[in-house]
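Student: Sharing a structure here in structure tokens format.
The values are calculated or read from the model by the stated rules, or taken from the named source; none is laboratory data. Being a predicted model, the structure only gives us computed values, none of them experimental. Methodologically, a virtual Cβ is constructed for each residue, glycine included, from the backbone with ideal geometry; neighbour enumeration extends over all protein chains shown. Areas reflect the complete protein model, heavy atoms only, side chains present, ligands, DNA and RNA absent. Shrake-Rupley method; radii C 1.70, N 1.55, O 1.52, S 1.80 Å.
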Amino acid sequence: MRKSLFIAAVAAALLMSGCSQKEPEVDMTQQGAGQEATSADSGLDTIQGSTESSDIMSEDARLAKIREIEASAKKIYFDFDKYNIRPDQEPRVDEDARLFASEDAKDLTIKIEGNCDEWGTDEYNYALGLKRAKSVRDALSVKGIDESRMVMVSYGESNPVCTEHTKECWAQNRRVEFKLLP
């Protein structure tokens, strides 16, 4: 029973993590040639070209804004083998809630990434990372962030920021980070 519950939890975590979002690649050489041939007689090629460049500029500006918000988001750190938010990390959760409720971020999806140190089995660490992500999601929800905007993923121990074998390094890996999705 316990093994099947664990397998179900891991499967759910994998399904929730999904595939990474890849930006579509646009070949401007083919589009430009096709537009000139079809719109040369009507004189629309310059109008379409300027519209496309403004769309690209606005998309670039939007992506830059997303990266800026992500850089401002605070990481939430956890104690060894724990998934409750420490009292010293609560101000960070408050700051993140204000950031994600801002006008610039209100239409973005928040990906909450749970991470662990190298102690414990892979399975245990994936489950612990998911519990950490869930505790942060619940805290943000209490602060007014809509749960439908948030998705969770656990990387377990597979996404370390520090690889030294010291207590300080392990403490850096016990964290939740945020990525914003358009």
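Student: Looking at this structure, is Glu70 more than 16 Å from Lys179 (Cβ to Cβ), among the acidic types (Asp, Glu) and modelled with pLDDT under 95?
Tutor: Details: more than 16 Å from Lys179 (Cβ to Cβ): no; among the acidic types (Asp, Glu): yes; modelled with pLDDT under 95: yes.
It is false that Glu70 is more than 16 Å from Lys179 (Cβ to Cβ), among the acidic types (Asp, Glu) and modelled with pLDDT under 95.
Student: Another question, if that's okay. Do any residues in the range 147-175 that are within 19 Å of Ile110 (Cα to Cα) and modelled with pLDDT under 90 have Cβ atoms under 9 Å from those of residues that are of a type in the set (Asp, Glu) and assigned to a helix (DSSP H, G or I), where the two are at least six apart or on different chains, and which pairs are they?
Tutor: What qualifies is Gly156/Asp122; Gly156/Glu123.
Student: Pick out the one residue from Ser58, Ser39 that is open to solvent by 40 Å² or more (accessible area, probe 1.4 Å) and either of a type in the set (Ser, Thr, Tyr) or at pLDDT below 90 (or both).
Tutor: Checking each option against the conditions leaves just Ser58.
Student: When the range 64-92 is examined, which residues are found to be of a type in the set (A, V, I, L, M) and in contact (Cβ under 8 Å) with a residue 40 or more places away in the chain?
Tutor: Step one: of the range 64-92, the residues of a type in the set (A, V, I, L, M) are 64, 66, 69, 71, 73, 76, 85.
Those that are of a type in the set (A, V, I, L, M) and in contact (Cβ under 8 Å) with a residue 40 or more places away in the chain: Ile66, Ile69, Ala73, Ile76, Ile85.
Student: Within the range 68-89, is there a residue that is crowded, with 21+ Cβ neighbours inside 10 Å and touching a helix residue (DSSP H, G or I) at 6+ places or on another chain (Cβ under 6 Å)?
Tutor: Yes; the residues of the range 68-89 include at least one that is crowded, with 21+ Cβ neighbours inside 10 Å and touching a helix residue (DSSP H, G or I) at 6+ places or on another chain (Cβ under 6 Å).
For every residue, the table says whether it meets (1) open to solvent by 50 Å² or more (accessible area, probe 1.4 Å); (2) not basic (Lys, Arg).
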| position | (1), (2) |
| --- | --- |
| Gly144 | yes, yes |
| Val153 | no, yes |
| Glu168 | yes, yes |
| Lys179 | yes, no |
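Student: Would you be able to tell me the number of residues in the range 98-126 that are open to solvent by 40 Å² or more (accessible area, probe 1.4 Å), more than 18 Å from Ile69 (Cβ to Cβ) and among the hydrophobic types (A, V, I, L, M, F, W, C)?
Tutor: Looking only at that region, the number is 1.
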